[in-house]
Protein chains: 2
Amino acid sequence: MKMARENAKDIIAMGFDLNKTFIFHDFDFMGKCPSFYQNIIRIQKCVTFNQAKGIFGFTDSDPIGKIGFPAVQAAPCLSTCFPFIFGDKKVNCLIPCAIDQDPYFRMTRDVCPRLGFPKPALIHSTFFPALQGAKSKMSASELNSAIFLTDTPKKIKDKINKHAFSGGKPTLEEHRAKGGDPDIDVPFQLLQFFLEDDARLEEIRVAYTKGELLSGEMKKIAIETLQPIVAEHQARRKDVTDQVLDEFLSLRKLTC
Amino acid sequence: MKMARENAKDIIAMGFDLNKTFIFHDFDFMGKCPSFYQNIIRIQKCVTFNQAKGIFGFTDSDPIGKIGFPAVQAAPCLSTCFPFIFGDKKVNCLIPCAIDQDPYFRMTRDVCPRLGFPKPALIHSTFFPALQGAKSKMSASELNSAIFLTDTPKKIKDKINKHAFSGGKPTLEEHRAKGGDPDIDVPFQLLQFFLEDDARLEEIRVAYTKGELLSGEMKKIAIETLQPIVAEHQARRKDVTDQVLDEFLSLRKLTC
């Protein structure tokens, strides 16, 4: 619950509007709104263990809570889970999520029409690469696998300089002659997410591919792009007190 | 929910004290008390599908809700589901139930110590026989299989006279000579539950076994015993208004 609250603060710091945003945590919201659980039960009646096994790869050794969980993930697609916002209206649902969450909502798209609700729609976001490159994994326990929102400017600089996988060539001569590979270069990948100026991004890509831009220079651009973004986020996050968070978590009508 | 409310009114009419009794319905209480759901999740983590299959005979074709349900049945054995009554104290739990509910609580007895709670204890009640006898089944859809708490005195009389399985002999002569069998005689079974006077019950048993008491006479005693009990219940139940029921269902401290 503590970690969920910290994550929610980061989400709010991104700029969500209190008047248009309700944030909830299953574990807590379940005990505050009977409709949520009642919709979960309706969904759980529509999915057999066989189906769940097919979708999620469950085995007989999995705990019964894990087996029932997909319905908890699915239920918020039904607008009647939030009667204080939507009344009993059946509202369309759009889910922004990463591809790993897709199976839950494929199941949900099967179930919704059987319960008289519209199918939810999804937007799949791409994953950030881990600093060590596309083939490695970001991990909270591997501190150098990612830039964290809590990192200082110095830490961002050190992490990118020391740990970000480079698409450059082993020697300066070879790099100047053959050019770097932006497709595997992690500093460049980060710029794709964070550099707003698309024309400049393209210039950087071309210069790097031709060998005009060196790996160290690419890293410097990435560092200088990320440092202010993270610093600004940290500044905004300071204003997200426990009280502000509790307002986002409170059951209320929205004014959108 | 409607049927649950009607059943709860019958339970209250039995004489439960508002100051010592909290009644809840899973479907509704879940949305009013986060601790209930949180305990369910803790239990669901402790039971695998394999175990649930072994205990309840689930198959792969069963819905995931049914598979997760035993934890919903088990959770109220943990006193922390009711913080408004028990605070965070770990209180012993006694469950009066019929034998068909036993598997749920055998599972619960396995799980409780793993969660740091005392094992619940059970008292198993016996089933009433169906009017058609021990080998048949009471059923709400078979109106003549049981005396209902809503039956009129006349209906009770008719049901017992026409439908109650008798342990008497086919002819008067044979009955007088060989006697009846109280062990299969449904009117006598009902008296075992409802006749408070044990000495008189024994007299009836002996007289019936010897053939001194006839089947029709046994039925008459059963009718005259049940009619006032059901009528008194109906009178008490009239006082159990929706408002009274809502008081029993409300989350509050008890004063016992």
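With the checklist (1) free of Cβ contacts under 8 Å to residues at least 24 places away in the same chain; (2) not assigned by the TED database to the domain that holds A:M14 in hand, flag the one item A:K119 doesn't pass.
(2)
So the check is Cβ under 6 Å with 6+ separation or different chains; which pairs have a first residue in region A:1-29 that's on the phi < 0 side of the Ramachandran plot and a second one that's loosely packed, with under 11 Cβ neighbours inside 10 Å?
Pairs found: A:N19/A:T255; A:K20/A:C256.
Considering each of B:K220, B:K253 in turn, give the residue that is basic (K, R) and not in a helix (DSSP H, G or I).
B:K253
Within region B:52-66, restricting attention to residues that are at negative phi and small (G, A, S), which residue is farthest from the other protein chains (Cβ to nearest Cβ)?
Within region B:52-66, the match that is farthest from the other protein chains (Cβ to nearest Cβ) is B:G54.
Provide a single number: the residues in region B:4-18 that are outside any loop (DSSP other than H, G, I, E, B) and open to solvent by 40 Å² or more (accessible area, probe 1.4 Å).
The number of residues fulfilling the criteria is 4.
Return the only residue of A:F49, A:F36, A:F84, A:F69 being under 26 Å from B:K53 (Cβ atoms), within 14 Å of another protein chain (Cβ to nearest Cβ) and either surrounded by fewer than 19 Cβ atoms within 10 Å (Cβ to Cβ) or touching a residue at least 12 places away in the same chain (Cβ under 8 Å) (or both). So that I can check it myself, show each step before the final result.
Numbers: A:F36 fails: under 26 Å from B:K53 (Cβ atoms); A:F84 fails: under 26 Å from B:K53 (Cβ atoms); A:F69 fails: either surrounded by fewer than 19 Cβ atoms within 10 Å (Cβ to Cβ) or touching a residue at least 12 places away in the same chain (Cβ under 8 Å) (or both).
Result: A:F49 is the single residue among A:F49, A:F36, A:F84, A:F69 that is under 26 Å from B:K53 (Cβ atoms), within 14 Å of another protein chain (Cβ to nearest Cβ) and either surrounded by fewer than 19 Cβ atoms within 10 Å (Cβ to Cβ) or touching a residue at least 12 places away in the same chain (Cβ under 8 Å) (or both).
When both residues are 6+ apart or on different chains and their Cβ atoms are under 6 Å apart, which pairs have a first residue that lies in region B:224-244 and is under 26 Å from B:L191 (Cα atoms), and a second that is open to solvent by less than 60 Å² (accessible area, probe 1.4 Å) and in a loop (DSSP other than H, G, I, E, B)?
B:T225/B:L195
Does region A:20-28 contain any residue that is at pLDDT 95 or above, within 14 Å of chain B (Cβ to nearest Cβ) and surrounded by 15 or more Cβ atoms within 10 Å (Cβ to Cβ)?
Yes, region A:20-28 contains at least one residue that is at pLDDT 95 or above, within 14 Å of chain B (Cβ to nearest Cβ) and surrounded by 15 or more Cβ atoms within 10 Å (Cβ to Cβ).
Taking region B:53-66 as the region of interest, how many residues are touching a residue at least 24 places away in the same chain (Cβ under 8 Å) and either crowded, with 19+ Cβ neighbours inside 10 Å or not in a helix (DSSP H, G or I) (or both)?
Looking only at that region, the number is 0.
Residues of region B:52-99 being closer than 19 Å to B:A121 by Cβ and hydroxyl-bearing (S, T, Y), which ones?
B:S79, B:T80
When region A:153-176 is examined, which residues are found to be polar (S, T, N, Q) and either more than 16 Å from A:Q227 (Cα to Cα) or open to solvent by less than 70 Å² (accessible area, probe 1.4 Å) (or both)?
Correct list: A:S166, A:T171.
The values are calculated or read from the model by the stated rules, or taken from the named source; none is laboratory data. None of the values given here were measured: they were computed from a predicted structure. Counting neighbours? That spans all protein chains shown, and the Cβs are built from the backbone with ideal geometry, glycine included. Side chains are part of the model used for accessible areas, which takes the heavy atoms of the whole protein and leaves out ligands, DNA and RNA. Shrake-Rupley method; radii C 1.70, N 1.55, O 1.52, S 1.80 Å.
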